[in-house]
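A.B. asks: Sharing a structure here in structure tokens format.
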Amino acid sequence: MKCLRKLMDKLLKIAPGGYYGILSVMIRLIGDFIAFLFFPGYNMIDNMVSDLGIGPGGIFFSLGLIISGIVSIPFYVAVIRSFEVEENRNKMKKFALAVYYISNMTYIMIGFFPSDESNYPIFFLHGTLAIICWLTAVAYLLLFSKLMMMDDKYNSLNSCSGIILIGFLIVFLFTWVPIIEWLMTFAFMAWLLTLSYFLISNDL
């Protein structure tokens with residue numbers, strides 16, 4: 001953990017955390033878009049997001065997941081560090097970051113295990129990682145939103161947007177509809193971009 005902390009210190013000296021959030025979204029969008037271009041007949045109504053990973057341009061989708069997940073780490077660390085330092089909040093901050101690390105680790109690993117139904121072990125592992133990623137995302141988003149509500153630096157838009165994103169995640173988990181998964185994906189990107197802009201504009 002000390003090595004990771006030192007690495008985050010160095011990266012956040014190079015650029016504020018918000019820039020890593022924006023870069024993460026750009027990388028994911030580029031990976032998805034290229035994979036989409038190589039996938040004839042793909043549409044958001046009938047195809048799940050992960051289907052891009054098994055198309056002709058699947059490598060771009062996978063790389064987008066892996067690299068965007070790695071690049072997002074300094075952003076989340078910056079958000080946690082921006083919260084007020086109070087003894088009763090430190091445990092929540094540490095727990096929120098730990099839950100995020102679990103979610104992000106599974107998110108990155110999804111890039112190594114595409115949703116290939118012809119290879120059941122890989123397909124099963126992909127699904128398991130995705131479920132863990134989404135459930136832990138709900139947990140850390142809830143914790144982040146709670147911490148924002150407790151911090152005067154953050155406004156209601158910051159905290160409420162996290163709650164709205166949780167709503168998208170829960171609706172998708174109960175419906176499993178492709179278009180809702182895509183809406184959830186874009187909502188997540190919007191949340192990242194909005195929060196990134198907030199960090200940059202407030203020198204956090």
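A.B. asks: Which condition does SER50 not pass, out of (1) more than 17 Å from LEU193 (Cα to Cα); (2) out of contact with any His (no Cβ under 8 Å at 6 or more places or on another chain); (3) in a helix (DSSP H, G or I), if it passes all the others?
C.D. replies: (2)
A.B. asks: Within region 96-120, how many residues are assigned to a helix (DSSP H, G or I) and at pLDDT 95 or above?
C.D. replies: Qualifying residue count, region 96-120: 15.
A.B. asks: Scan region 142-159 and give yes if some residue there is part of a helix (DSSP H, G or I), in contact with a helix residue (DSSP H, G or I) (Cβ under 8 Å, 6 or more places away or on another chain) and closer than 23 Å to ILE54 by Cα, otherwise no.
C.D. replies: no
A.B. asks: Being within 21 Å of the chain's Cα centre (by Cα), surrounded by 19 or more Cβ atoms within 10 Å (Cβ to Cβ) and not polar (S, T, N, Q) is true for just one of GLY31, GLY55. Which residue is that? Spell out the reasoning first.
C.D. replies: Numbers: GLY55 fails: within 21 Å of the chain's Cα centre (by Cα).
On inspection, the qualifying residue turns out to be GLY31.
A.B. asks: Considering only region 125-159, how many residues are closer than 14 Å to ILE108 by Cβ and of a type in the set (A, V, I, L, M, F, W, C)? Don't jump to the end; show me each part of the working.
C.D. replies: Restricting attention to region 125-159, the residues satisfying the condition of being closer than 14 Å to ILE108 by Cβ are 125-126, 129-130, 132-133, 136-137.
Subsequent filtering for residues that are of a type in the set (A, V, I, L, M, F, W, C) retains 125, 129-130, 132-133, 137.
Total meeting the criteria: 6.
A.B. asks: Is there any pair linking a residue in region 53-73 that is farther than 18 Å from ALA130 by Cβ and at pLDDT 95 or above to one that is crowded, with 20+ Cβ neighbours inside 10 Å and among the small types (Gly, Ala, Ser), with Cβ under 7 Å and at least six apart or on different chains, and which?
C.D. replies: GLY57/ALA35; PHE60/GLY31; PHE60/ALA35; VAL71/SER24
A.B. asks: Pairs under 9 Å by beta carbon, first residue surrounded by 10 or more Cβ atoms within 10 Å (Cβ to Cβ) in region 1-17, partner of a type in the set (Asp, Glu) and at pLDDT 85 or above, six or more apart or different chains?
C.D. replies: Pairs found: PRO16/ASP203.
A.B. asks: Residues of region 82-95 being touching a residue at least 40 places away in the same chain (Cβ under 8 Å) and assigned to a helix (DSSP H, G or I), which ones?
C.D. replies: If the condition is that a residue be touching a residue at least 40 places away in the same chain (Cβ under 8 Å) and assigned to a helix (DSSP H, G or I), then SER82, ARG89, MET92, LYS93, PHE95 are the ones that fit.
A.B. asks: OK, next. Taking region 174-187 on its own, how many of its residues are without any contact (Cβ under 8 Å) to a residue 40 or more places away in the chain and either part of a helix (DSSP H, G or I) or touching a Lys or Arg at 6+ places or on another chain (Cβ under 7 Å) (or both)?
C.D. replies: Of the residues in that region, 7 qualify.
A.B. asks: Among (1) assigned to a loop (DSSP other than H, G, I, E, B); (2) touching a residue at least 60 places away in the same chain (Cβ under 8 Å); (3) touching a Leu at 6+ places or on another chain (Cβ under 9 Å), where does PHE39 come up short?
C.D. replies: (2)
A.B. asks: Which one is surrounded by the most Cβ atoms within 10 Å (Cβ to Cβ), of the residues in region 79-134 that are closer than 27 Å to GLY17 by Cα and either touching a strand residue (DSSP E or B) at 6+ places or on another chain (Cβ under 7 Å) or of a type in the set (S, T, N, Q) (or both)?
C.D. replies: Across region 79-134, the extreme among qualifying residues is SER103.
The values are calculated or read from the model by the stated rules, or taken from the named source; none is laboratory data. Just so we're clear, the structure is a prediction, and the values are computed from it rather than from any experiment. Glycine gets a Cβ as well: all are built from the backbone with ideal geometry, and neighbour counts include every protein chain shown.
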